[in-house]
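A.B. asks: Next up is a structure, given as structure tokens.
The values are calculated or read from the model by the stated rules, or taken from the named source; none is laboratory data. What you see is a predicted model; the values in this text were computed from it and never measured. Because the Cβ atoms are built from the backbone with ideal geometry, glycine has one as well, and the counts that use them run over all protein chains shown. In case anyone asks, the SASA skips ligands and DNA or RNA and just uses the protein heavy atoms, side chains included. Shrake-Rupley method; radii C 1.70, N 1.55, O 1.52, S 1.80 Å.
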Amino acid sequence: LTADITVGDKPYTRVVADVRYLAAKTLIPLREVKDGGAIAITKHLCGGATDGSIIALCKDPLKDFIGACCFAPCCHQKTRKEQYCNIPFFESMGFCKTHIGLRGGVQDTDFKIFGMLISISRAKNLQDWEYKKSHLLDLLGFARASQLGRQARRLFEEGRLRYLVDNGFDARLVRYCDDTITGDNLAIIATKQ
């Protein structure tokens, strides 16, 4: 792709906006790139912000503009179940289904446990005060809980990938740095089919 660019001109227009709450002035620069000419790039989006962005990019009015996207999610343990974009993905694997708890109320503790495991996996070692009330550590031990937390994080990203694929994207997961730097080292790269 080549373009005639004079000194000082940029071959792109940068639009900084919260994709969940678009204003008319945000959409004006996008009119020129209808039919997939825009690329959405997000840096670390804590918790459900990644899911809010993915959902917004797959729906009107943005779905006609976005041709590719890159997400670098973080803080998975802060995501609430109602924010996550693909609970049916978890349900298809037997997770996040409601059941009647010991006290007779409707419960779904899987999502909360995923968050706890992910939180444990972010620690290099535990202080005496951390997770004192967590029976997960009593049952699993720190090493196993950390491993399951990393796997839970991977499941979160797989569900997000599947959501994008179901909405017309080719998507893949890439590791962009070593996990000794950060456990939140996976990025989602997607292009419109």
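A.B. asks: Among (1) out of contact with any Ser or Thr (no Cβ under 7 Å at 6 or more places or on another chain); (2) more than 30 Å from residue 66 (Cα to Cα), there is one condition residue 121 misses while meeting the rest; what is its number?
C.D. replies: (1)
A.B. asks: Output the residue which, of all residues in region 80-99 that are at pLDDT below 85 and in a loop (DSSP other than H, G, I, E, B), is surrounded by the fewest Cβ atoms within 10 Å (Cβ to Cβ).
C.D. replies: Once the filter is applied, the top-ranked residue is 97.
A.B. asks: Provide a single number: the residues in region 177-192 that are within 15 Å of the chain's Cα centre (by Cα) and farther than 16 Å from residue 122 by Cα.
C.D. replies: Matching residues across region 177-192 total 4.
A.B. asks: If you don't mind, another one. Quick one: how many residues across region 100-117 are open to solvent by less than 40 Å² (accessible area, probe 1.4 Å) and at pLDDT below 85?
C.D. replies: Of the residues in that region, 3 qualify.
A.B. asks: I'd like to check something: does region 129-151 contain any residue that is in contact with a strand residue (DSSP E or B) (Cβ under 9 Å, 6 or more places away or on another chain) and part of a helix (DSSP H, G or I)?
C.D. replies: Quick first cut of region 129-151, residues in contact with a strand residue (DSSP E or B) (Cβ under 9 Å, 6 or more places away or on another chain) only: none.
The answer is no; no qualifying residue exists.
A.B. asks: Assuming residue 170 fulfils every condition listed in (1) open to solvent by 80 Å² or more (accessible area, probe 1.4 Å); (2) assigned to a helix (DSSP H, G or I) apart from one, which condition is it?
C.D. replies: (2)
A.B. asks: Quick one: which of 140, 164, 148 is among the aliphatic types (A, V, I, L, M) and under 15 Å from the mean Cα position of the chain (by Cα)?
C.D. replies: Every option except 164 fails the conditions.
A.B. asks: Can you find even one residue in region 118-136 that is open to solvent by less than 30 Å² (accessible area, probe 1.4 Å), in contact with a Cys (Cβ under 6 Å, 6 or more places away or on another chain) and under 25 Å from residue 44 (Cα atoms)?
C.D. replies: Looking through region 118-136, none of the residues is open to solvent by less than 30 Å² (accessible area, probe 1.4 Å), in contact with a Cys (Cβ under 6 Å, 6 or more places away or on another chain) and under 25 Å from residue 44 (Cα atoms).
A.B. asks: For region 33-79, enumerate the residues that are of a type in the set (Asp, Glu) and surrounded by fewer than 16 Cβ atoms within 10 Å (Cβ to Cβ).
C.D. replies: Scanning region 33-79 gives 35, 60, 64.
A.B. asks: Considering only region 142-164, I want to know if a residue exists there that is out of contact with any Phe, Trp or Tyr (no Cβ under 7 Å at 6 or more places or on another chain), among the hydroxyl-bearing types (Ser, Thr, Tyr) and open to solvent by 40 Å² or more (accessible area, probe 1.4 Å).
C.D. replies: Checking region 142-164: not a single residue is out of contact with any Phe, Trp or Tyr (no Cβ under 7 Å at 6 or more places or on another chain), among the hydroxyl-bearing types (Ser, Thr, Tyr) and open to solvent by 40 Å² or more (accessible area, probe 1.4 Å).
A.B. asks: Can you pull out the residues in region 173-193 that are of a type in the set (S, T, N, Q) and open to solvent by 80 Å² or more (accessible area, probe 1.4 Å)?
C.D. replies: 180, 193
A.B. asks: Would you pick out the residues in region 51-79 that are assigned to a loop (DSSP other than H, G, I, E, B) and either under 11 Å from the mean Cα position of the chain (by Cα) or in contact (Cβ under 8 Å) with a residue 24 or more places away in the chain (or both)?
C.D. replies: 58, 61, 65, 72, 75, 79
A.B. asks: Another one. How do the pairs read when you match residues in region 138-150 that are farther than 21 Å from residue 186 by Cβ and in contact (Cβ under 8 Å) with a residue 24 or more places away in the chain with residues anywhere that are of a type outside the set (Phe, Trp, Tyr) and open to solvent by less than 80 Å² (accessible area, probe 1.4 Å), using Cβ under 6 Å and keeping only pairs 6 or more apart or on different chains?
C.D. replies: Listed pairs, sorted by first residue: none to list.
A.B. asks: May I pose another question? When the residues of region 1-59 are filtered to those that are modelled with pLDDT under 75 and among the basic types (Lys, Arg), which remaining residue is farthest from residue 189 (Cα to Cα)?
C.D. replies: 25
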